[in-house]
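Asks: Below are the structure tokens for one structure; questions will follow.
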Amino acid sequence: MNQASERTGARLIADEVQCGLGRTGRPFYFTAIGLKPHLVSIGKALGSGVPIGAALLSEDVAATISYGDHGTTYGGNLLACRAALTFLDLLTNGGVIANVARVGELFERRLAQIARKHAFVKEVRGEGLMWGLELSRDAAPVVLAGLERGIIINRTSETVVRLLPPLVITEADADDALSRLDAALAVVGVSE
Amino acid sequence: MTISQNATAIADVPAREARHILQVYRRMPVTFVRGEGVRLFDANGREYLDLLSGVGVASLGHAHPILARAIAEQAQTLIHTSNLFYHPLQALLAEELAALSGLPRAFFCNSGTEAVEACLKFARRYWHTRGEPRAEFVALEESFHGRTFGSLSVTSESTIGSRSSRSCPSSVSCRAEIRPRCWRRSRERPPQSSQSLSRARAAFGRSRARSPTP
């Protein structure tokens, strides 16, 4: 893609709204795949619950934008910026990224075990604290069975269960939550 | 008694929502009223482990003491002034993001889909300014980039389903006759031109012709 961009002049946009800002154990996922984007979109984690998003621009793209080309009334107000600054400080200086890497390994190990145990878990995809379980059946009953066992998960499509725990989750809580996920999958498997 | 602790009000939530909230979300049968770290508590005091973070948003968990203090302090100082003026925090945040990403400039908005919209707009603007307008976007299959028109137009159909509400149809400009006087319009401008009215009439005619008979 970098080569195609250089050849055609096309500008690359990396959408890091979900995978960026520590979710995969690094500040941005584009670095993991060697992508050199000219534009990056971020949101979600940035304000830790206070709504804020941002477009990040390379200098060559930024140089083509002038006064009045775009704008927003709320964007980047003091409350949202304060939340984002606090989050970024904790992410990089407060050990949050390191926690994602550590607990992420536990997720990877436990989810692989869980997939081996339940035949209808076809594939486990993800990195850090961003995981999807592809099932060979409807994922909705798993989400409900999880809720009954005290875990919050969701379904991104008919057959995919998504896990996006807080980046600060401890290994003990992760272990507990994944045992409950295991139990939820077991009860759905039995009812098949 | 606070709103979140009013038991009667909480028991009524699903029924009241069904009456007055646009039904675009099929919600899980639970009403959360409090959080602490990775834990959420429902209206009955039952505890849940949150493996979703409000869809990836509550990155520091819930009610993080450092974040809660920072927000409270900022709310007591100054929340919003708009982008017509400087304030001390945007530059600091942009500097941090530049250091982390290697991309030197930031535009702040309120959500991820708005960030995607801004990227699409800036990419188009890049070519327009260079005098070689390009309008097409190439997007990955099985992608999801948000729910607003621009973001939907680069979100794959396999993710979002039908095309019916995906793309923004071409719009027709028709100057409004607003009374009392609209402050945006100078008094010197000529009255509504017959051309713009006929353009609008033609557009309405086209859309009626395209609509299936009920």
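Asks: Go over the candidates A:173, A:182 one by one and state the one that is at the interface with chain B (Cβ under 7 Å from one of its Cβ atoms) and surrounded by fewer than 22 Cβ atoms within 10 Å (Cβ to Cβ).
Replies: Details: A:182 fails: at the interface with chain B (Cβ under 7 Å from one of its Cβ atoms).
Matching residue, one of A:173, A:182: A:173.
Asks: Go through (1) within 25 Å of the chain's Cα centre (by Cα); (2) closer than 30 Å to residue A:132 by Cα; (3) not acidic (Asp, Glu) one by one and return the number of the condition residue B:48 breaks.
Replies: With (1) within 25 Å of the chain's Cα centre (by Cα); (2) closer than 30 Å to residue A:132 by Cα; (3) not acidic (Asp, Glu) applied to residue B:48, the lone miss is (1).
Asks: Which is of a type in the set (D, E, K, R), over 19 Å from residue A:27 (Cα atoms) and out of contact with any Gly (no Cβ under 8 Å at 6 or more places or on another chain), of B:73, B:47, B:96?
Replies: Values: B:47 fails: out of contact with any Gly (no Cβ under 8 Å at 6 or more places or on another chain); B:96 fails: over 19 Å from residue A:27 (Cα atoms).
After ruling out the rest, the residue left standing is B:73.
Asks: Checking residue A:159 against (1) within 13 Å of another protein chain (Cβ to nearest Cβ); (2) touching a residue at least 24 places away in the same chain (Cβ under 8 Å); (3) under 21 Å from the mean Cα position of the chain (by Cα); (4) buried (at least 20 other Cβ atoms within 10 Å of the Cβ), which test does it fail?
Replies: (4)
Asks: If you don't mind, another one. With B:93, B:67, B:97 as the choices, which residue is within 9 Å of chain A (Cβ to nearest Cβ) and in contact with a Ser or Thr (Cβ under 9 Å, 6 or more places away or on another chain)? Let's see the steps before the verdict.
Replies: Values: B:93 fails: in contact with a Ser or Thr (Cβ under 9 Å, 6 or more places away or on another chain); B:97 fails: in contact with a Ser or Thr (Cβ under 9 Å, 6 or more places away or on another chain).
The match here is B:67.
Asks: Given the criteria more than 7 Å from chain A (Cβ to nearest Cβ), farther than 29 Å from residue B:35 by Cα and either among the acidic types (Asp, Glu) or surrounded by 15 or more Cβ atoms within 10 Å (Cβ to Cβ) (or both), does residue B:120 qualify?
Replies: On the way: more than 7 Å from chain A (Cβ to nearest Cβ): yes; farther than 29 Å from residue B:35 by Cα: yes; either among the acidic types (Asp, Glu) or surrounded by 15 or more Cβ atoms within 10 Å (Cβ to Cβ) (or both): yes.
Yes; evaluated as a whole, the condition is true for this residue.
Asks: What are the residues in segment A:33-57 that are in contact (Cβ under 8 Å) with a residue 24 or more places away in the chain, more than 7 Å from chain B (Cβ to nearest Cβ) and either closer than 27 Å to residue A:2 by Cα or in a strand (DSSP E or B) (or both), if any? Give the steps one after another, and end with the answer.
Replies: Looking only at segment A:33-57, we keep the residues that are in contact (Cβ under 8 Å) with a residue 24 or more places away in the chain, and these are A:34-53.
The next check asks that each one be more than 7 Å from chain B (Cβ to nearest Cβ); those that pass are A:34-38, A:46-47.
If the condition is that a residue be in contact (Cβ under 8 Å) with a residue 24 or more places away in the chain, more than 7 Å from chain B (Cβ to nearest Cβ) and either closer than 27 Å to residue A:2 by Cα or in a strand (DSSP E or B) (or both), then A:34, A:35, A:36, A:37, A:38, A:46 are the ones that fit.
Asks: Something else: Cβ-Cβ under 9 Å, sequence separation 6+ or interchain: first residue in segment B:100-120 and of a type in the set (Asp, Glu), partner surrounded by fewer than 22 Cβ atoms within 10 Å (Cβ to Cβ) and part of a helix (DSSP H, G or I). Which pairs?
Replies: B:117/B:149; B:117/B:150
Asks: Among (1) within 7 Å of chain A (Cβ to nearest Cβ); (2) within 23 Å of residue A:79 (Cβ to Cβ), there is one condition residue B:103 misses while meeting the rest; what is its number?
Replies: Exception for residue B:103: condition (2).
Asks: Of these, A:158, A:171, A:123, A:127, which one is touching a strand residue (DSSP E or B) at 6+ places or on another chain (Cβ under 8 Å), acidic (Asp, Glu) and farther than 23 Å from residue B:43 by Cβ? Can you show your working first?
Replies: Numbers: A:158 fails: touching a strand residue (DSSP E or B) at 6+ places or on another chain (Cβ under 8 Å); A:171 fails: touching a strand residue (DSSP E or B) at 6+ places or on another chain (Cβ under 8 Å); A:127 fails: touching a strand residue (DSSP E or B) at 6+ places or on another chain (Cβ under 8 Å).
Answer to the selection: A:123.
Asks: In segment A:81-101, what residues are under 18 Å from residue B:53 (Cα atoms) and either more than 7 Å from chain B (Cβ to nearest Cβ) or of a type outside the set (A, V, I, L, M, F, W, C) (or both)?
Replies: Step one: of segment A:81-101, the residues under 18 Å from residue B:53 (Cα atoms) are A:83-84, A:86-88, A:90-91, A:96-97, A:99-101.
Listed by number, the residues that qualify are A:86, A:91, A:96, A:97, A:99, A:100, A:101.
Asks: Taking the criterion of being crowded, with 22+ Cβ neighbours inside 10 Å and not in a helix (DSSP H, G or I), would at least one residue in segment A:61-76 satisfy it?
Replies: For segment A:61-76, residues crowded, with 22+ Cβ neighbours inside 10 Å and not in a helix (DSSP H, G or I): present.
Asks: Here are A:9, A:20: which of them is surrounded by fewer than 24 Cβ atoms within 10 Å (Cβ to Cβ), more than 7 Å from every other protein chain (Cβ to nearest Cβ), free of Cβ contacts under 8 Å to residues at least 60 places away in the same chain and within 21 Å of residue B:103 (Cα to Cα)? Talk me through it step by step, then tell me what you get.
Replies: Working: A:20 fails: surrounded by fewer than 24 Cβ atoms within 10 Å (Cβ to Cβ).
Result: A:9 is the single residue among A:9, A:20 that is surrounded by fewer than 24 Cβ atoms within 10 Å (Cβ to Cβ), more than 7 Å from every other protein chain (Cβ to nearest Cβ), free of Cβ contacts under 8 Å to residues at least 60 places away in the same chain and within 21 Å of residue B:103 (Cα to Cα).
Asks: Looking only at residues that are farther than 21 Å from residue B:149 by Cα and more than 8 Å from chain A (Cβ to nearest Cβ) in segment B:123-137, which one is surrounded by the fewest Cβ atoms within 10 Å (Cβ to Cβ)?
Replies: For segment B:123-137, the residue satisfying everything is B:131.
Asks: Can you work out which of the residues in segment A:92-146 that are acidic (Asp, Glu) and within 23 Å of residue A:28 (Cβ to Cβ) is nearest to the chain's Cα centre (by Cα)? Break it down into steps so the answer makes sense when it comes.
Replies: Filtering segment A:92-146 down to residues acidic (Asp, Glu) leaves A:105, A:108, A:123, A:127, A:134, A:138.
Cutting the leftovers down to within 23 Å of residue A:28 (Cβ to Cβ) gives us A:105, A:108, A:127.
Numbers: A:105: 15, A:108: 14, A:127: 9 Å.
The selected residue is A:127.
Asks: Here are the criteria: (1) more than 7 Å from chain A (Cβ to nearest Cβ); (2) surrounded by 12 or more Cβ atoms within 10 Å (Cβ to Cβ); (3) of a type outside the set (A, V, I, L, M, F, W, C). Tell me which single one residue B:53 does not satisfy.
Replies: Every listed condition holds for residue B:53 apart from (1).
Asks: Continuing with this model, one more query. Scan segment A:54-66 and give yes if some residue there is over 14 Å from the mean Cα position of the chain (by Cα) and closer than 18 Å to residue B:140 by Cβ, otherwise no.
Replies: Checked segment A:54-66: no residue is over 14 Å from the mean Cα position of the chain (by Cα) and closer than 18 Å to residue B:140 by Cβ.
Asks: Next question, about the same structure. For segment B:70-90, what are the residues that are of a type in the set (A, V, I, L, M, F, W, C) and at the interface with chain A (Cβ under 7 Å from one of its Cβ atoms)? Give the steps one after another, and end with the answer.
Replies: Here is the first cut: in segment B:70-90, the ones of a type in the set (A, V, I, L, M, F, W, C) are B:70-72, B:75, B:78-79, B:84-85, B:89.
B:70, B:71, B:75, B:78, B:79, B:89 - these are the residues of segment B:70-90 that are of a type in the set (A, V, I, L, M, F, W, C) and at the interface with chain A (Cβ under 7 Å from one of its Cβ atoms).
Asks: Would you check which residues across segment B:95-114 are under 17 Å from residue A:70 (Cβ atoms) and of a type in the set (A, V, I, L, M) and list them?
Replies: B:103, B:106
Quick note: the coordinates plus some simple rules give every number you see, no bench work behind them. These numbers come from a predicted model, not from an experiment. Ideal geometry is used to build each Cβ from the backbone, glycine not excepted, and the neighbour counts take in all protein chains shown.
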